[in-house]
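Report on one structure; see the data block that follows.
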Amino acid sequence: MAVHDTIGDFLTIIRNASMAHKASCTSQHSKMRAAIAAILKDEGYIHDFSEGQDEKGFKTLTLKLKFAGTTPAITGIERHSTPGRRLYYGCKDIPRVLGGLGVAILTTSKGVMRARDAREAGVGGEFVCKVW
């Protein structure tokens, strides 16, 4: 049985597009991907994101990437918890990314949120990815 990491694929699409200096990138739509894109927009890593449909009628998610001159705003993005190794943290044990300069994204019982918001809300969850 094959196991596919759809969130890992989404992060790879973003990483490859930013390193190739593309203005935008498109991926399949899911609620989790849309929530991650919303956090990236709030943190200033992307300009905007929009939902649409491809020629076959499937929902898509398009991200407009952000650059400072020729340098991408996203210098690093990596998957932390994988389908074969789920990593869960309590609210007091959530690791910081680059001493607070990056952002960690978690799935909690209250939805997908930044690590900072999860600490304030007093909830833990699965550490999905980190961005810097």
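Each value in this text was obtained by applying a stated rule to the coordinates, not by laboratory testing. Fair warning: this is a prediction, and the values are worked out from it, not measured in the lab. Note that each Cβ is placed from the backbone with ideal geometry, even for glycine, and that neighbours are counted across all protein chains shown.
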Ordering of 49-55, 124-130 by packing [mean C-beta count within 10 Å, highest first]: 124-130, 49-55
Projected area averaged over orientations for region 77-131, convex hull of C-alpha atoms, nm²: 3.5 nm²
Cubic angstrom per residue, convex hull over Cα atoms of the chain: 120 Å³
Crossing angle, helix 31-43 versus the chain [Cα axis fit, 0-90 degrees, rounded to tens]: 90 degrees
Mean separation of Cα contacts under 8 Å (6+ apart) over length of the chain, as relative contact order %: 23 percent
Using alpha-carbon coordinates, inclination of helix 6-19 to the longest axis of the chain, degrees: 60 degrees
Overall form of region 28-77 per C-alpha gyration tensor (a/c, 1.5; a/b vs b/c): prolate
Most to least packed among 60-68, 104-112 [average Cβ atoms within 10 Å]: 104-112, 60-68
Region 98-116 residues near the modelled R85 label - backbone nitrogen below 16 Å, point 7 Å along Cα→Cβ: none
